[in-house]
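Undergrad: Quick one: this structure, given as structure tokens, is what I'll be asking you about.
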Amino acid sequence: MKYLKSVLSWLLPVAIGLVLAIIIRASFFSVAVVRGDSMKPNLQNSERVGF
């Protein structure tokens, strides 16, 4: 029983942190791919941009 409590004492916060990180990443961040040359010289064709 003591072993189970010690495992849960670090496993539970790690699991909660991972779930929060996934939710935040899905809600606030995304990746777009530049198509075409309309943004030259700042962005190149097929460049990935995160926002």
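Coordinate-derived values only; no laboratory data. Nothing here was measured: the structure is a model prediction, and the numbers come from that model. Ideal geometry is used to build each Cβ from the backbone, glycine not excepted, and the neighbour counts take in all protein chains shown.
Undergrad: Out of the range 1-25, which residues are closer than 27 Å to G50 by Cβ and aliphatic (A, V, I, L, M)?
TA: Matches in the range 1-25: V14, A15, I16, L18, V19, L20, A21, I22, I23, I24.
Undergrad: Test each condition in (1) surrounded by 10 or more Cβ atoms within 10 Å (Cβ to Cβ); (2) more than 14 Å from the chain's Cα centre (by Cα); (3) β-branched (V, I, T) for V14 and report the one that comes out false.
TA: Every listed condition holds for V14 apart from (1).
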